[in-house]
1. With modelled with pLDDT under 95 and in contact with a helix residue (DSSP H, G or I) (Cβ under 6 Å, 6 or more places away or on another chain) as the only criterion, which of Ser29, Ser52, Ser122 stands out?
2. So, restricting to strands (runs of 3 or more DSSP E) that lie completely within the stretch 1-109, which ones have at least 2 residues that are of a type in the set (Phe, Trp, Tyr) and surrounded by 12 or more Cβ atoms within 10 Å (Cβ to Cβ)?
3. Collect the residues in the stretch 110-122 that are open to solvent by less than 30 Å² (accessible area, probe 1.4 Å) and not in a loop (DSSP other than H, G, I, E, B), keeping them in residue-number order.
4. Can you give me the number of residues within the stretch 99-112 that are farther than 18 Å from Glu44 by Cβ and either touching a Lys or Arg at 6+ places or on another chain (Cβ under 9 Å) or free of Cβ contacts under 8 Å to residues at least 12 places away in the same chain (or both)?
5. Could you list, in sequence order, all residues of the stretch 74-104 that are farther than 22 Å from Gln3 by Cβ and of a type in the set (Val, Ile, Thr)?
Amino acid sequence: EVQLVESGGGLVQAGGSLRLSCVISGFTSGDYFIGWFRQAPGKEREGLACISRNDDFPLYGDPVQGRFDISIDKRKNTVYLQMMSLKPEDTAVYFCARSPWKTLVADEYLTWGQGTQVTVSS
């Protein structure tokens, strides 16, 4: 019933920008947070950003380095990750996920999307 669907990934050259979208459906009770994570092959998932469904102050992780912005459009039930100044090391599968808490700890997110591939070429 609860679904998170990512889109917007693709191939981009280093220095370029990309906007990822996460469409949310099936949430009917309580407050929750939406986080963005990424995972490269053979590596652990990295927490990038987290925002409340009610659009409070977002939380950002160290890998962002000031280059990414998270936002929510409540009318569209969509959370965005705007990525700027992309680097080859940003290449990964990007996931959105739901948590009851404001956190960037992957184990505290119990509902995940399927991911969207971002590839940054140099």
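1. Details: Ser29 fails: in contact with a helix residue (DSSP H, G or I) (Cβ under 6 Å, 6 or more places away or on another chain); Ser52 fails: in contact with a helix residue (DSSP H, G or I) (Cβ under 6 Å, 6 or more places away or on another chain).
Of Ser29, Ser52, Ser122, the one residue that is modelled with pLDDT under 95 and in contact with a helix residue (DSSP H, G or I) (Cβ under 6 Å, 6 or more places away or on another chain) is Ser122.
2. Per the criteria, 33-39, 92-99.
3. If the condition is that a residue be open to solvent by less than 30 Å² (accessible area, probe 1.4 Å) and not in a loop (DSSP other than H, G, I, E, B), then Thr116, Val118, Val120 are the ones that fit.
4. 1
5. Thr91
The values are calculated or read from the model by the stated rules, or taken from the named source; none is laboratory data. The structure displayed is predicted, hence computed values, not measured ones. Methodologically, a virtual Cβ is constructed for each residue, glycine included, from the backbone with ideal geometry; neighbour enumeration extends over all protein chains shown. Only protein heavy atoms, including side chains, enter the accessible area calculation; ligands, DNA and RNA are left aside. Shrake-Rupley method; radii C 1.70, N 1.55, O 1.52, S 1.80 Å.
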